[in-house]
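The values are calculated or read from the model by the stated rules, or taken from the named source; none is laboratory data. Predicted, not measured: the structure shown is a model, and the values here were computed from it. Neighbour counts are summed over all protein chains in view; Cβ atoms, including those assigned to glycine, are modelled from backbone coordinates with ideal geometry. Note: accessible area is taken over every heavy atom of the protein model, side chains too, but ligands, DNA and RNA are not part of it. Shrake-Rupley method; radii C 1.70, N 1.55, O 1.52, S 1.80 Å.
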Amino acid sequence: MSQNIISLLPDSVANQIAAGEVVQRPSSAVKELLENSIDAGAHKIQLIVKDAGKSLIQVIDDGKGMSEVDTRMAFERHATSKIRTAEDIFRIRTMGFRGEALASIAAVAQVEIRTRQEGVDLGNELRIEGTRVTHTGFCQTPVGTNLSVRNLFFNIPARRNFLKSNQVELKHIIDEFERVALANPEVEMTLVHNQNELFHLLPGNLKQRIIGILGRKYSERIVPVEESTEVVSLKGFVMKPEFARKTRGEQFFFVNDRYIKNPYLHHAVTDAFEDLVAPDQHPGYILFLDIDPSRIDVNIHPTKTEIKFEDEKAIYAILRSSIKHALGQFNIRPTIDFESDTNSQAPPIRPGQAIRLPGIEVDPNYNPFSSESKSIPKGEPSQKSTWNIPSKPSPKGWESMFTSPERETSIPEPETGLFSHPDQDEEPPTPVQLDRTYILYPHEQGILVIHQNRAHQRVLFEAYLKSLRSQAAASQQLLFPVNLEFSANDYSMLESCMDDLRSLGFDIESFGQNSVILHGIPVHMNEPEIPSALEQIIEELKNSANDIGRSRMEAIAATLARASAIKVGTILDTQEMLHLVVQWNRCTEPGYSPGGKPVSYLLSLQEIAKRLN
């Protein structure tokens, strides 16, 4: 006898399954609710979150609101006001349209909505807890919608346990907020987290909105891009090449005001920056493409962040050429002006003015084999010497090279090193610098080739780590305090590691919205390095947020070590090389830099003999 085993899922279970696709974390709910407010024609939107959205996500807007029936229907699966037939999908210009967002959110949270339409005296109130309606009725509320999502994943503890730290979840929320805000600069938008206002964006144009989100400094960093063709209309901004970053940040694509991710179009942008940025850097951009909805498919991904294009190759070519044109127009990409009068480029000669022939000045005392000069003066030939052979050190007083300054004595002395320290009565080996990059140090088994930058990174990394763990480090006070401004996203990252920065020697404190003031910096650093170092720390924290292999302390220490280390191309004298070699030899793990690259190579006597045999 046959037995039936297939049955329909209960609505509560089906909604929880759908929620797994739509609501992956608090930021997913934020995205859906903000887009609903935009679709409702809101001119003002407030986003209020607590505990990075785990306790509360509240969106208040002044949109058109909903009727009593629509309020209830909005939480039914596949209930939508956007489409009536399958063909409508290919004419969609609004954000949400599948009718699963609110039903999915209500399946995994405690939801309360208060909404009123214009011209109606009373609004509607509805409370849902895990798909179960607990309250319906009328209420006093302003025109628009006020929707609260509390205790996300309260009925799915396993999902809640997989959420990241508040700092990581808040970053994702800020990302979603910024994307909606950039696409709708005419809408006033506010973001408050734990009663702290992170954003208050007034209505304006796109450039004003970019500056409001990323900071005032971006006013001079962006270049406008605009092009209109039968295939696509393009507008937006790209960052100047000198502000490209090591990581992929500040990169936004919008198609019909919908944020998307598209590696193919991203390649078109990077190709336009060819030869203008280093291969390991990424240019920033905020670009809007307007395309006939019938020529794209937006329904290929649950979060609708991927789109299929009918004319992908044509869009690629238009995007690439438009950016190249913009860079050239603003004198960023080298161009030739064929309309200029070349005869007018030379200054005119006044009557009676004597013409002075160019001459060549020679220093008869210049010795190309001398290493007395540590830097090449301006105007001198910039070709660097391959070898830097220092003068022979004096036997007396060399032992002071093995004693670190007070700020570097925090590096522990290992029981064994790569080589033993010479006795103070004997003369130390003389190191030689090669190509301003490597230190050649005589070794009992051959010649030790040491990468000066990586060796110094290792020394500083271990010193910074010890300072972080002991929460005590020396600081050099600045003559004039330095004020630095960041985007809200970057500031939230910086704020999370403020105590760690103080442990490293930063005398830093908050100074107004999304800005900090520096009164002191670590003794290893120079003041001009600070803005770049802090930006690198923020980027490193963003990348290592989900990296269980490296702690936050290690990420910060490694970033500062890279920023402070002796650069490749720096000429070192004998004492500087000896000092670096000894400090590096005292490291607990001298073999590799903080980034995992080898620091040294032993050219053995056997290998030398084999090569010269």
*Mind grabbing the accessible area of residue 294 for me, 1.4 Å probe, Å², rounded to tens?*
70 Å²
_Separation between Cα centres of the stretch 119-144 and the stretch 468-492, rounded to whole Å_ = 48 Å
*In terms of the ratio Rg/(2.2 N^0.38 Å) built on C-alpha atoms, what value belongs to the stretch 469-533?*
1.06
*Rough spin-label spacing in nm, given labels placed 7 Å along Cα→Cβ, for residue 122 and residue 151*: 2.8 nm
_Separation in nanometres of the label points that stand 7 Å from Cα toward Cβ, at residue 230 and residue 136_ = 5.3 nm
*Two-decimal log10 I(q)/I(0) for the stretch 423-503, as the Debye equation yields it once each C-alpha is a single scatterer, q = 0.11, 0.26 Å⁻¹*: -0.59, -1.19
*What length, rounded to one decimal in nm, is gained on full extension from residue 161 through to residue 567, with 0.36 nm per residue of separation minus their alpha-carbon distance?*
141.8 nm
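Taking a 1.4 Å probe, which of 485, 100 shows the most accessible area, and what order do the others take after it?
Values: 485 50, 100 25 Å².
Result, largest first: 485, 100.
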*With 10 Å bins from zero, work out the P(r) of the stretch 206-257 over every alpha carbon pair and list the percent per bin.*
20, 52, 25, 3
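Calculate the translational D of the stretch 176-321 in whole µm² s⁻¹ from Stokes-Einstein, where the hydrodynamic radius comes from the Kirkwood formula applied to all Cα pairs, the temperature is 37 °C and the viscosity 0.692 mPa s.
Numbers: Rh = 16.2 Å.
Calculated translational D: 203 µm²/s.
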_residue 25 - accessible surface, heavy atoms, 1.4 Å probe, Å² rounded to 10_ = 60 Å²
*For the residue pair residue 280 and residue 476, what label-to-label distance in nm results when each label sits 7 Å from Cα along the Cα-to-beta-carbon direction?*
2.6 nm
*Considering the stretch 548-613, what Rg and Dmax in Å follow from its alpha-carbon atoms?*
15.9, 51
*Among 557, 476, 605, which residue has its Cα positioned farthest towards the positive end of the charge dipole of the stretch 469-613, with +1 placed on the Cβ of Lys and Arg, -1 on the Cβ of Asp and Glu, and the dipole taken about the Cα centre?*
605
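Checking the table 31/217; 240/567; 171/466; 567/597; 50/261 against a 20 Å threshold on Cα-Cα, which pairs fail? Could the numbers behind the result be given before it?
Details: 31/217 27 Å; 240/567 25 Å; 171/466 29 Å; 567/597 16 Å; 50/261 28 Å.
Over 20 Å Cα-Cα: 31/217; 240/567; 171/466; 50/261.
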_Cα-based Rg / Dmax (Å) for the stretch 500-539_ = 10.0, 29
*For the stretch 138-261, what does the equivalent ellipsoid look like in terms of its semi-axes, each the square root of 5 times an eigenvalue of the Cα gyration tensor, given largest first in whole Å?*
31, 20, 16
*Roughly what % of Cα-Cα distances in the stretch 440-580 sit above 18 Å, to the whole percent?*
59 percent
